[in-house]
Amino acid sequence: MTYAALLDQLRRESPLVHCITNYVAMNFAANVLLAAGASPAMVHAPEEAGEFARIAGAVTINIGTLSSHWLEGMRAAAEAANESGKPWVLDPVAHFATTFRSKAVEELLALRPTVIRGNASEIMALAGNASSGRGVDSGDSVERAEASATSLAQRTRAVVAITGEVDFVTDGRDALRIAGGSALMPKVTAMGCALTCLIGGFVAVAPASPLIATASALACFGVAGSQAAQQAAGPGSFAWRFIDALAALDGNTLQAQVMPA
Amino acid sequence: MTYAALLDQLRRESPLVHCITNYVAMNFAANVLLAAGASPAMVHAPEEAGEFARIAGAVTINIGTLSSHWLEGMRAAAEAANESGKPWVLDPVAHFATTFRSKAVEELLALRPTVIRGNASEIMALAGNASSGRGVDSGDSVERAEASATSLAQRTRAVVAITGEVDFVTDGRDALRIAGGSALMPKVTAMGCALTCLIGGFVAVAPASPLIATASALACFGVAGSQAAQQAAGPGSFAWRFIDALAALDGNTLQAQVMPA
Amino acid sequence: MTYAALLDQLRRESPLVHCITNYVAMNFAANVLLAAGASPAMVHAPEEAGEFARIAGAVTINIGTLSSHWLEGMRAAAEAANESGKPWVLDPVAHFATTFRSKAVEELLALRPTVIRGNASEIMALAGNASSGRGVDSGDSVERAEASATSLAQRTRAVVAITGEVDFVTDGRDALRIAGGSALMPKVTAMGCALTCLIGGFVAVAPASPLIATASALACFGVAGSQAAQQAAGPGSFAWRFIDALAALDGNTLQAQVMPA
């Protein structure tokens, strides 16, 4: 299974991705999924999140703008995903910042996510290590967090992805590094959250290969980010050029972004 | 009353449009209303939705990211619109996807919307016919849904609009088709939701002519969509070019988009 | 302390700004803060808003899409800001439009904001004067509201900023006018809300000088707005050019925007 083939499959099947993400990210994440070829749906109410998860190809859960009511919906969606054999992706935004957030992520981790994506500080803190995180931005390098990702993957049996200058993704045994992207990416809000949603799109079409599916999503961001940066004059023009680049992405460029770690 | 005259009126009166729409659409819909010349306000709390609806020119209600708390606000706004003789527009996003959503739309329909706008799958399901809808994207053609729109309009006494490649709008007796737009439009999230809000702007200035008002909004999207697509390199550049085109729209171009059905 | 020095400080320290703002503004406001050099975090739940405010450099509170649940979070954040000696900024969006909104703003005012930013109608109504406000857009000129701003500043001991064609900011004794910007700015939703968040960034790095900090944020918007307008073809292209201009802003251009009032 090549990365190009996976992207083709995503475009052909246009999987329904059930996203429970934060208010900041919703619009951008939906546009990222549409540009890549998936079909996004943002559904969070406890009354329907479980029912909806059963008809989706994958679920993604992001705690960015968490509240107790939304947490109920997240639980319902993750449980329904598990019961119906659908993969789900966890994005533990700034989980170390408050007690409320830490407890929520603990609960969600217990529901066994298929993939966990975070920045270096988030992954280090999730693995129980000291981090320099503050708010939603990372204070640590990806390299420093790689051992944390591996131990977290081994403990949770999830694929763990750290995104940063060079991304790192591991299932606890094999590991890959994904290059590309641009220094403008951390200057555009919700890039990481949108990437989590796109991982949902790829695991929906390749549920048996979450490591490769996750790497595919990271590689898409790497290529589209590099291309957008070539013509962008700043973070404002980067954002829409990124969407254009993602929509026009040539799957054959993906392989070159990925190296064994 | 010509379409050009209606757009002039919208720009001159800048009606206050009370939108209860989903989180994904809010920013884009507000920018669409501002570009067209209306004054948007997003107000959803049950504590104030009724009071606010009374000072607005029209109300629009979209169930995209529904929750039970928001449903209370929607009911309050629709009831206040009815009591104060204001038109209101319903957008039944993916109403067939879950029980929660279906029941909510049933309740809202009972509050007699002035206009209902949806994609083909949504309108077919609302008329009680089988549809191929899945999530928020349509699985059916506009043509297949036209009979459903007519019967739904006759049953509810609302104007019903189906948007798609060529839009169809009917009051159950007369019907119009509106051309234009671009294949990029379904690749940009919240285009339909924003259109629902713009219909609110037009029915606010022409409450006695909801069929023509709705057709005007559809024609604006048709023209601005075609123009934006001419220079767009993908869905990212399409979105902001669409806003620019809407702000610069020449009302005299609207008539050519509309044909009797 | 020059405006250029303050912008340098903002970029160097990248203060964590805790924003409780409306759904429409969240994405744009986060991108504005990132472009200017600050680190935004959108956190609203009553369970964590107080705890988070204590680790932030400043808090900003905007009642645009208010609900009773969010109001609890706003109170918790404002109280925690006060207790931990952090400045906080209030944006009383359309507070005169409904009883719910008026009462909420009364409560928030009692928690002594460091800065209040609004349009002319909002500031006039807040000072107890008659205004022509309707919905979220101003119906009054900045000039007409200047006396209201001064009396409101004297009564509340907050710095009060009115934004419009030429902005006015006062601490009740000294006052400044800030020029620049563009007629396209009221055509882009959430510009004012994003500005409120940026004021939060500046008061975070200069908590002892809220008048100068506020003027700095206004001057940034004045310069970036003028620059963006030079190349924009409408409100759609203005929005992303504004972000690019803000990210590239030369601090030395700020001083020329500000005059004593």
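Listed by position, the strands (runs of 3 or more DSSP E) contained in the stretch B:143-239 that have at least 1 residues being over 23 Å from residue B:18 (Cα atoms) and open to solvent by 10 Å² or more (accessible area, probe 1.4 Å) are B:167-170, B:175-178. Note on the stretch C:127-151: residues that are touching a Leu at 6+ places or on another chain (Cβ under 6 Å) and aliphatic (A, V, I, L, M) amount to 1. Of the conditions (1) open to solvent by less than 10 Å² (accessible area, probe 1.4 Å); (2) outside any helix (DSSP H, G or I), residue C:1 clears all except one; give me its number. That leaves (1) as the condition not met. Condition (residue is in contact with an Asp or Glu (Cβ under 9 Å, 6 or more places away or on another chain) and within 14 Å of another protein chain (Cβ to nearest Cβ)) applied to the stretch C:148-169: is it met by at least one residue? No, the stretch C:148-169 contains no residue that is in contact with an Asp or Glu (Cβ under 9 Å, 6 or more places away or on another chain) and within 14 Å of another protein chain (Cβ to nearest Cβ).
Among the residues of the stretch B:87-109, those that are in a loop (DSSP other than H, G, I, E, B) and within 16 Å of residue B:59 (Cα to Cα) comprise B:87, B:92. Determine whether residue C:136 is over 20 Å from residue C:63 (Cβ atoms) and of a type in the set (A, V, I, L, M). No. Counting only residues that are more than 18 Å from residue A:88 (Cα to Cα) and open to solvent by 50 Å² or more (accessible area, probe 1.4 Å), the stretch A:111-138 holds 8 of them.
Of everything in the stretch B:214-261, what is of a type in the set (A, V, I, L, M) and in contact with a strand residue (DSSP E or B) (Cβ under 8 Å, 6 or more places away or on another chain)? Give them in sequence order. Please lay out each step first, then the result.
Taking the stretch B:214-261 first, the residues of a type in the set (A, V, I, L, M) are B:215, B:217-219, B:223-224, B:228-229, B:232-233, B:239, B:243, B:245-249, B:254, B:256, B:258-259, B:261.
Matches in the stretch B:214-261: B:215, B:218, B:219, B:258, B:259, B:261.
Within the option set C:236, C:225, being under 14 Å from residue A:236 (Cβ atoms) and away from chain B (no Cβ under 14 Å) holds for one residue only, C:225. Within the stretch C:54-82, the set of residues being over 17 Å from the mean Cα position of the chain (by Cα) and more than 10 Å from every other protein chain (Cβ to nearest Cβ) comprises C:72, C:75, C:76, C:79, C:80, C:82. Number of residues in the stretch C:23-63 that are among the small types (Gly, Ala, Ser) and over 12 Å from residue C:194 (Cα atoms) equals 11.
Please specify each residue of the stretch B:87-110 satisfying the condition of being within 12 Å of the chain's Cα centre (by Cα) and open to solvent by less than 10 Å² (accessible area, probe 1.4 Å). Write out each step before concluding.
Step one: list which residues in the stretch B:87-110 are within 12 Å of the chain's Cα centre (by Cα), which gives B:88-93.
If the condition is that a residue be within 12 Å of the chain's Cα centre (by Cα) and open to solvent by less than 10 Å² (accessible area, probe 1.4 Å), then B:88, B:89, B:90, B:91, B:92 are the ones that fit.
The one condition from (1) at pLDDT below 95; (2) within 26 Å of residue B:243 (Cα to Cα) that residue C:144 does not meet is (2). The numbered conditions (1) under 17 Å from residue A:117 (Cα atoms); (2) without any contact (Cβ under 8 Å) to a residue 12 or more places away in the chain are all true for residue A:236 except (1).
Please tell me if residue A:41 is in contact with a His (Cβ under 6 Å, 6 or more places away or on another chain), at pLDDT 95 or above and over 29 Å from residue A:127 (Cβ atoms). Yes, satisfied. Would you confirm, using the coordinates I've provided, whether residue B:88 is aromatic (Phe, Trp, Tyr) and away from chain A (no Cβ under 14 Å)? When the stated conditions are applied, residue B:88 passes them. Checked against (1) at the interface with another protein chain (Cβ under 7 Å from one of its Cβ atoms); (2) under 18 Å from the mean Cα position of the chain (by Cα), residue C:33 meets all criteria but (1).
The values are calculated or read from the model by the stated rules, or taken from the named source; none is laboratory data. Bear in mind the structure is a predicted one, so any value in this text is a computation, not a measurement. All Cβ positions, glycine included, derive from the backbone under ideal geometry; neighbour counts span all protein chains shown. With ligands, DNA and RNA removed, areas are computed over all heavy atoms of the protein, side chains included. Shrake-Rupley method; radii C 1.70, N 1.55, O 1.52, S 1.80 Å.
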